[in-house]
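The values are calculated or read from the model by the stated rules, or taken from the named source; none is laboratory data. Here the structure is a predicted model, which means the values were calculated and not measured. So basically every Cβ, Gly included, is an ideal-geometry build from the backbone, and we count neighbours across all protein chains shown.
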Amino acid sequence: MNTCYIGRFAPSPSGRLHFGSLVAAVASYCDAHSNKGKWLVRIDDLDPPREVDGAADDILRTLDAYSLKWDDSIIYQSLRHELYASAIERLREDGLCFGCACSRSDLEAINGLKFYPGTCRTQLPPGRTERSVRFIAPPQEFTWRDTVQGTQTSPANSVSDFIVRRADGHYAYHLAAVVDDADSSITHIVRGLDLLTSTHSHILLQSALHLQHPQYAHVPLVINTHGLKLSKLTNAAPIEISDAPEQLSKALSFLGLTITLDTPERMLAAAVSKWDIRSIKP
């Protein structure tokens, strides 16, 4: 096994896996194993109000039934709050984050939630108390390269100061993902195109916390008949364990591979032997 390559799949337990999730899982799995690397699974259970009881276990059962087997212990973000608190403390010590008193309604009244205007960056307004914590986004332009989507440029001042700890006390996705990727020594992240814009924020946080920058690859999204990406919000149908060979075949076809129907294990082995992420069209 090549320990120089460590990839991961990080589903949220807000519902069962759907076909779009399967495509992302298969892409990250094939890329890790074609490079003889490790493939990890992390459950991003940071948002209890959105989580569905039993969804995490169902996701793991489904991955296992599809022969998408992970190479180390499952990581649960809900058990890692101390790491996130420590990261925020480091940012505070370096003057790279601040307490913010603004509510959603405050920002909507100012600019319709389009961009954080820096209201609390230097100090809290009189009579207001800290609700959330925001990271101070550097104003300069920066560029990074995505394996599938090519060179990406974030213009100066295009990323506003974003939340790293929410007003309800829960840690934000950007912070937790960056901290956990570094803690697991993730070197390559293969995921859906919907997270491309999040990568800008992740790279900024990695730099601020002096963490390694993984290599990113964002694969195309599966779109429904209405032109919307498959998701729980668009009522995407869950994938069933009994349909594993057919669904795997469809996912691999979406990713550009034609694999004869067989057992999930043999289908994935064949896919790994043919895999070349550079052949995926943006």
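Summary table below
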item: Residue list for region 71-103, filter: in a loop (DSSP other than H, G, I, E, B), crowded, with 16+ Cβ neighbours inside 10 Å and without any contact (Cβ under 8 Å) to a residue 40 or more places away in the chain; result: Ala101, Cys102
item: Answer from Ser185, Ser253 - the residue that is assigned to a loop (DSSP other than H, G, I, E, B) and not basic (Lys, Arg); result: Ser185
item: Subset of region 14-47 (residues that are in contact (Cβ under 8 Å) with a residue 40 or more places away in the chain, part of a loop (DSSP other than H, G, I, E, B) and touching an Asp or Glu at 6+ places or on another chain (Cβ under 7 Å)); result: Ser14, Arg16
item: Residue in region 143-156 that is surrounded by fewer than 15 Cβ atoms within 10 Å (Cβ to Cβ), charged (D, E, K, R) and either assigned to a loop (DSSP other than H, G, I, E, B) or in contact (Cβ under 8 Å) with a residue 60 or more places away in the chain (or both) present; result: no
item: Test for Gly54: is it modelled with pLDDT of 95 or more, in the same structural domain as Gly118 (by TED's automatic domain parsing) and not aromatic (Phe, Trp, Tyr); result: no
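The rows are residues; the columns are (1) assigned by TED's automatic domain parsing to the domain that holds Pro11; (2) of a type in the set (Phe, Trp, Tyr); (3) over 19 Å from the mean Cα position of the chain (by Cα).
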residue: Gly118; (1), (2), (3): no, no, yes
residue: Phe135; (1), (2), (3): no, yes, no
residue: Trp144; (1), (2), (3): no, yes, no
residue: Ser154; (1), (2), (3): no, no, no
residue: Leu175; (1), (2), (3): no, no, no
residue: Ser184; (1), (2), (3): yes, no, no
residue: His188; (1), (2), (3): yes, no, no
